[in-house]
C-alpha cells in the first residue's frame, strides 16, 4: 500500500529528493543492488522520513518508474511535434546524439527497469508498458497527421509503424550499450526511418 502523498511544499520537496536519489541509484546499480539505506544516505533523510513517504521498497520502486519514464520523455524535446518527416528525422538524430553525449553508457532506463521487473512485479510491468505507450504515442499521432495530409499512404498503420520504430530504438540502445558504440543506434534508426519513408506519398 502506498503512503499518502505529502500535503506541504516542504514535504513534496523531501519526497522528490528521495525519488531523485533512488532513481539515480537504481539506474547506476539496479533495483536489487539498491537498498533503502542507500537511498536514505543519498537523499540525506532519516528512516522515519523515508517511511513517512514510502510504505516499503516496492512503493519506492514504483515512484522510481514514474520518475524514470518522465526523465526519458523530457530528454526528447522533439517529441512535442512529430507531424513532419523533418521532425521525425530530427527526433531520431537527437536520440543518437544523446547516446554519443553519454558515451553509450546506460542504455534505455525504461528498458533496463523492464528487464529487472517485468517478470516479478505485475504492477511495475503495467507501469512500464504505459511508459512505452507514452513514448510511442507522439509518433503515432504525428503519422496520423501525415496520413490525413496525404503525406503518408492511406493503407499505412500509424500504430504499427510507431511500435516498429520504438522496437528499433530499443534494440539499437541495447547494442549501443553493449558495444559502447552510438553508431549501433544510428544503424537501427536509419533502417527505421527508411521503413517509415517507404510508406510516404509523393507529397513533401
(request) Go through (1) assigned by TED's automatic domain parsing to the domain that holds residue 136; (2) crowded, with 19+ Cβ neighbours inside 10 Å; (3) part of a helix (DSSP H, G or I); (4) over 14 Å from the mean Cα position of the chain (by Cα) one by one and return the number of the condition residue 60 breaks. (result) (1)
(request) Pairs only if they're at least six apart or on different chains, beta carbon under 9 angstrom, first in the stretch 44-56 and in a loop (DSSP other than H, G, I, E, B), second loosely packed, with under 13 Cβ neighbours inside 10 Å; list them, first residue then second. (result) 55/1; 56/1
(request) Check the stretch 20-30 and report whether any residue there is touching a helix residue (DSSP H, G or I) at 6+ places or on another chain (Cβ under 9 Å), under 19 Å from residue 124 (Cα atoms), modelled with pLDDT under 95 and in a helix (DSSP H, G or I). (result) no
(message) Looking at (1) free of Cβ contacts under 8 Å to residues at least 24 places away in the same chain; (2) touching a helix residue (DSSP H, G or I) at 6+ places or on another chain (Cβ under 6 Å), which one does residue 16 not meet, given that it meets all the others?
(response) (2)
(request) Could you please let me know if residue 79 is surrounded by 13 or more Cβ atoms within 10 Å (Cβ to Cβ), touching a helix residue (DSSP H, G or I) at 6+ places or on another chain (Cβ under 6 Å), assigned by TED's automatic domain parsing to the domain that holds residue 134 and closer than 30 Å to residue 201 by Cβ? (result) yes
(message) Restricting to the stretch 131-157, name every residue that is in a helix (DSSP H, G or I) and touching a residue at least 40 places away in the same chain (Cβ under 8 Å).
(response) 131, 134, 135, 138, 139, 141, 142, 143, 145, 146
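When you look at residue 200, is it modelled with pLDDT under 95 and either touching a strand residue (DSSP E or B) at 6+ places or on another chain (Cβ under 9 Å) or loosely packed, with under 14 Cβ neighbours inside 10 Å (or both), yes or no?
Spelling it out, it is not the case that residue 200 is modelled with pLDDT under 95 and either touching a strand residue (DSSP E or B) at 6+ places or on another chain (Cβ under 9 Å) or loosely packed, with under 14 Cβ neighbours inside 10 Å (or both).
The values are calculated or read from the model by the stated rules, or taken from the named source; none is laboratory data. These numbers come from a predicted model, not from an experiment. Using ideal geometry, Cβ is built from the backbone for each residue, glycine included, and neighbour counts are taken over all protein chains shown.
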